[in-house]
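S.K.: Pasting in a structure now, in structure tokens, and then I'll have a few things to ask.
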Amino acid sequence: MSARTARTTRTRLLAAAALTIATLSLTACNDGEGVHDEGASAGVSSSTPAPAGSATATAAGGTTTTTGGGDRANSASDSTGSKGSTGATGSTGVTGSTGSTGSTGSTGSAGATSSKKGSSGSNSTRNTPCNGTNTKTTATEVSRPLNHLLITVTNTGSKSCDLVGYPYLRFTDAQSVPPVFEDSKPQAVVSLFPGESGYAGVLLSAADGSGSNGRTAKTLEILFNTEGTNSAHPSLPAKGVHIDDKLTTTYWQQSMDDALAW
């Protein structure tokens with residue numbers, strides 16, 4: 001084939017191809033009713049536009065769905081129900097009254113235990129008084145101090161006893177009992193356990209001879225109370241003891257030294 005013939009054939013083929021393409025384009029664009037159909041593109045809604053007041057929702061995959069507006073009264077949100085009234089709070093029960101506390105029982109009194117020392121300054125007795133029936137009494141003349149007699153009372157009973165006050169002395173033919181050294185009064189009543197002893201010192205006569213109405217006494221009665229009951233009768237030395245108007249006794253003492261200190 002010559003070069004001219006080849007060009008002519010190619011030109012005709014190109015013209016035929018262009019005509020075919022143009023014809024196909026016109027056919028594709030015309031739907032027969034004069035409506036231009038672009039075709040449904042992905043993600044573009046093909047539905048009729050929703051009326052005013054309708055809610056539009058986009059479905060999965062890009063398709064838009066439209067909900068009809070419907071009755072405006074029905075579309076309105078339901079009115080919120082009235083809030084139920086709060087139930088009345090139950091009244092608090094009355095608290096029971098607290099029971100009264102029982103009174104504390106009284107403490108039992110302490111047993112009657114004898115003490116060598118009672119309350120300070122007290123002369124009250126806490127035990128049976130010592131007397132001639134529950135004690136043994138002796139009277140001993142001592143060398144020091146001069147002209148002194150020591151009275152010793154020993155509890156011979158099974159219970160404690162108290163020596164109250166001072167001994168009331170009655171020497172032979174005495175008309176009265178001798179006075180007491182007031183400064184010798186102990187701070188407490190002298191209490192004697194069974195077998196224990198208490199003491200009293202007796203100044204028989206003035207050591208310097210200044211006493212008057214001196215005489216010898218050979219007997220002695222000791223009274224433990226003013227009633228004169230249950231007295232004791234201790235023995236004196238055989239020769240007797242010399243007494244004068246200086247005759248004085250002490251209060252009952254717990255120790256011998258205190259009794260002879262006057």
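The values are calculated or read from the model by the stated rules, or taken from the named source; none is laboratory data. Since we're looking at a predicted model, the values are computed, not measured. Every residue, glycine as well, gets a Cβ built from its backbone with ideal geometry; the counts of neighbours run over all protein chains shown. Surface areas here come from the heavy atoms of the whole protein model, side chains and all, with no ligands, DNA or RNA. Shrake-Rupley method; radii C 1.70, N 1.55, O 1.52, S 1.80 Å.
S.K.: Please determine whether any residue of the stretch 165-185 is among the polar types (S, T, N, Q), assigned to a strand (DSSP E or B) and modelled with pLDDT under 90. Outline the logic, then answer.
M.R.: We begin by selecting, within the stretch 165-185, every residue among the polar types (S, T, N, Q); these are 172, 175-176, 184.
So of that shortlist, the ones also assigned to a strand (DSSP E or B) come out as none.
Among the residues of the stretch 165-185, not one is among the polar types (S, T, N, Q), assigned to a strand (DSSP E or B) and modelled with pLDDT under 90, which makes the answer no.
S.K.: Does Ser160 qualify as being in contact with a Leu (Cβ under 8 Å, 6 or more places away or on another chain) and over 13 Å from Ala139 (Cβ atoms)? Give the steps one after another, and end with the answer.
M.R.: Numbers: in contact with a Leu (Cβ under 8 Å, 6 or more places away or on another chain): yes; over 13 Å from Ala139 (Cβ atoms): yes.
So Ser160 fits the description; yes.
S.K.: Looking only at the stretch 237-256, which residues are outside any strand (DSSP E or B) and more than 16 Å from Val153 (Cβ to Cβ)?
M.R.: Residues of the stretch 237-256 that are outside any strand (DSSP E or B), as a first pass: 237-240, 244-247, 250-252, 254-256.
Matches in the stretch 237-256: Pro237, Ala238, Lys239, Gly240, Asp244, Asp245, Lys246, Leu247.
S.K.: Out of all the residues in the stretch 186-210, which are open to solvent by 10 Å² or more (accessible area, probe 1.4 Å), among the aliphatic types (A, V, I, L, M) and outside any loop (DSSP other than H, G, I, E, B)?
M.R.: Within the stretch 186-210, Ala188, Leu203 meet the criteria.
S.K.: Report, by residue number, each residue of the stretch 136-153 that is surrounded by 17 or more Cβ atoms within 10 Å (Cβ to Cβ) and either in contact with a His (Cβ under 7 Å, 6 or more places away or on another chain) or closer than 12 Å to Ala200 by Cα (or both). Spell out how you get there, then give the answer.
M.R.: First, the residues of the stretch 136-153 that are surrounded by 17 or more Cβ atoms within 10 Å (Cβ to Cβ): 137, 139, 147-149, 151-153.
Those that are surrounded by 17 or more Cβ atoms within 10 Å (Cβ to Cβ) and either in contact with a His (Cβ under 7 Å, 6 or more places away or on another chain) or closer than 12 Å to Ala200 by Cα (or both): Thr137, Ala139, His148, Leu149, Ile151, Thr152, Val153.
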